[in-house]
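Participant: This is the structure, below, for whatever I ask next.
Bear in mind that the values in this text are calculations on the coordinates, not laboratory data. The model shown is predicted, which means the values in this text are computed figures rather than measured ones. Please note: Cβ atoms are built from the backbone with ideal geometry, for glycine as well, and neighbour counts cover all protein chains shown.
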Amino acid sequence: MNWFRRLTSAAGAGLCLAFLAGPTWGADRTVQMAPQPDLKPDLAAMPQIAAPADDAERRINAALKRLDGNVRKAAKSCQADGGASSSWTRTIHTPMRGPRFLSVAISDDMFCGGAHPSTGLMAIVYDLTTGAPVDWTTLLPASLTGKVALAEGLDGTKMVTLASKRLLALYLERYRPKDSKAKREGDDNACREVVQETAQGDPPAMMAWPDAKAGGLAVQFDLPHYAQACADTVVIPNAVLRQEGAQPVLTDAIEAAHAAP
């Protein structure tokens, strides 16, 4: 029996090492995203990882396909409510495509009847080593994750949000700086005021995702309907993330992606 235990233990250890090495190899690369035909005019379909390297990437592709099903169902319900005047448009960006992380930012604009259209942003970040959405509590310190919860997008898709006073403070420090000459929607002073009002009391539920081009962690949260034009994305620089205690697996990946051509 001892030889059998030793044999099975050695085999198990070998399988474990192979499992760990396989996904890590795939996660070390920058994945190429293949656009898919629109679900309907102006309603973009989720892209797919081209030539997936392993099971983790295939799981992500399957998850992205399921998101298409969510918006199809929601758009159909929207049309039933709003009739001929209804509309649903979607644009999709992948701000980080490896190494290690794939972030998907989904912008929806819908009108299902009523006085005004609604806009919404969803951000989902996948771990390329597992194919699952990331666990932010393993990547960021508790001071930046705060209360982790699930929120629903306009189409009912669940996404992870972080309600953290420290993350909010870092956001506010960089929101519409007065010396910036960037042209944005909404009056800057009015937007600063409504954002500060929203920030009073408990911190709002914030979406976060790595952004390779910007070199940091992008953060955004919802504002009241009348102030949706003020809902800017703010990027927390990678150097600040390190100072705040973010795990090297995240900051190193962002740095590598930012430096890539």
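Participant: How much net charge surrounds Trp136 when only the other residues with a Cβ under 12 Å from the Cβ of Trp136 are counted, with Lys and Arg +1 and Asp and Glu -1?
Facilitator: -1
Participant: Treat the count of other C-beta atoms within 10 Å as a stand-in for reagent exposure and order Lys40, Lys165, Lys178, Lys213 from fewest to most.
Facilitator: Fewest-to-most ranking of Lys40, Lys165, Lys178, Lys213: Lys178, Lys213, Lys165, Lys40.
Participant: Please list, in chain and number order, the residues 5+ apart from Leu43 or on another chain whose amide H is under 5 Å from its amide H, with Hs placed from the backbone.
Facilitator: Under 5 Å from the amide H of Leu43 lie the amide H atoms of Arg90, each far enough along the sequence or on another chain.
Participant: Looking only at the range 221-260, which residues have a backbone nitrogen under 19 Å from a spot 7 Å from the Cα of Asp81 in the C-beta direction?
Facilitator: So the set is 222-228.
Participant: Given the -39500 (n - 2.57) contribution per DSSP H run of 4+ residues, what per-residue ellipticity at 222 nm results for the chain, rounded to the nearest 500 deg cm²/dmol?
Facilitator: -12000 deg cm²/dmol
Participant: Write down, largest first, the equivalent ellipsoid semi-axes of the range 159-205 in whole Å, where each equals the square root of 5 times an eigenvalue of the alpha-carbon gyration tensor.
Facilitator: That gives 21, 11, 10 Å for the three semi-axes.
Participant: Could you give the length gained by full extension between Ala256 and Lys65, i.e. 0.36 nm per residue of separation minus their alpha carbon distance, to one decimal place?
Facilitator: 66.0 nm
Participant: From zero outward in steps of 5 Å, how is the percent of C-alpha pairs of the range 15-146 spread across the bins?
Facilitator: Once binned at 5 Å, the Cα pair distances of the range 15-146 give 2, 10, 18, 18, 15, 13, 10, 7, 4, 2, 1, 0.
Participant: Same structure again: Compute the signed sum of charges (Lys and Arg +1, Asp and Glu -1) over the other residues within less than 12 Å, Cβ to Cβ, of Gly69.
Facilitator: +3
Participant: Give me the tail of P(r) for the range 25-259 as a percent: Cα-Cα pairs with distance above 21 Å.
Facilitator: Looking at the range 25-259, the distances longer than 21 Å represent 59 percent of pairs.
Participant: Could you compute the net charge surrounding Arg176? Neighbours are other residues with a C-beta less than 12 Å from the C-beta of Arg176; K and R count +1, D and E count -1.
Facilitator: -1
Participant: Same structure, new question: Could you run the Karplus curve 6.51 cos²θ - 1.76 cosθ + 1.60 with θ = phi - 60° over the range 67-76 and give me ³J(HN,Hα) per residue in whole Hz, x for Gly and Pro?
Facilitator: 5, 4, x, 4, 6, 4, 5, 5, 5, 5
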